[in-house]
1. Of (1) touching a helix residue (DSSP H, G or I) at 6+ places or on another chain (Cβ under 6 Å); (2) more than 30 Å from residue 25 (Cβ to Cβ), residue 70 satisfies all except one. Which?
2. Within region 119-127, does at least one residue satisfy the condition of being out of contact with any helix residue (DSSP H, G or I) (no Cβ under 6 Å at 6 or more places or on another chain), within 28 Å of residue 73 (Cα to Cα) and without any contact (Cβ under 8 Å) to a residue 40 or more places away in the chain?
3. So which helices (runs of 4 or more DSSP H) stay within region 1-112 end to end and still have 3 or more residues that are surrounded by 13 or more Cβ atoms within 10 Å (Cβ to Cβ) and modelled with pLDDT under 85?
4. Would you confirm whether any residue within region 142-155 is more than 17 Å from the chain's Cα centre (by Cα), loosely packed, with under 12 Cβ neighbours inside 10 Å and closer than 23 Å to residue 60 by Cα?
């Protein structure tokens, strides 16, 4: 029975590599996001001769929104790969991110929710900048959705704090 268990466990452990194509696909999404960023930047530059203050702020917010989404993808790619597939070995590289080995699954969840809240907040700010073109119902739903993200993030952080406190108390 121990040989069956041994091979079963080895097979289960090796199955983590099935996640690698997902992370490669996310790199592809990052390339698509880069294309969207460059397109938005080009569009932003074409507005320069007649740009209004509102257009300047909206253009900057769009670029910030895309960069936050890119950061979110990088966090998911690096930490997901490290947590579920294999360690990334950049020990000798001068540009190795400081947070690389510090983002566990709990921290990843919080970073994801914080990024989603920030992206949602930017979308809400864009709507407020064009408030005359947006219906009251759409504004109401955007505020509700944003508040749901904020409350979810706070509750998730609270749950992690409670779980960490319980672990610390158990370890003493």
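The values are calculated or read from the model by the stated rules, or taken from the named source; none is laboratory data. Given the structure is predicted, the values throughout are model-derived calculations rather than measurements. We place every Cβ from the backbone using ideal geometry, glycine too, and count neighbours over all the protein chains shown.
1. (2)
2. yes
3. On the way: elements: 2-14, 20-46, 53-84.
Those helices (runs of 4 or more DSSP H) span 53-84.
4. no
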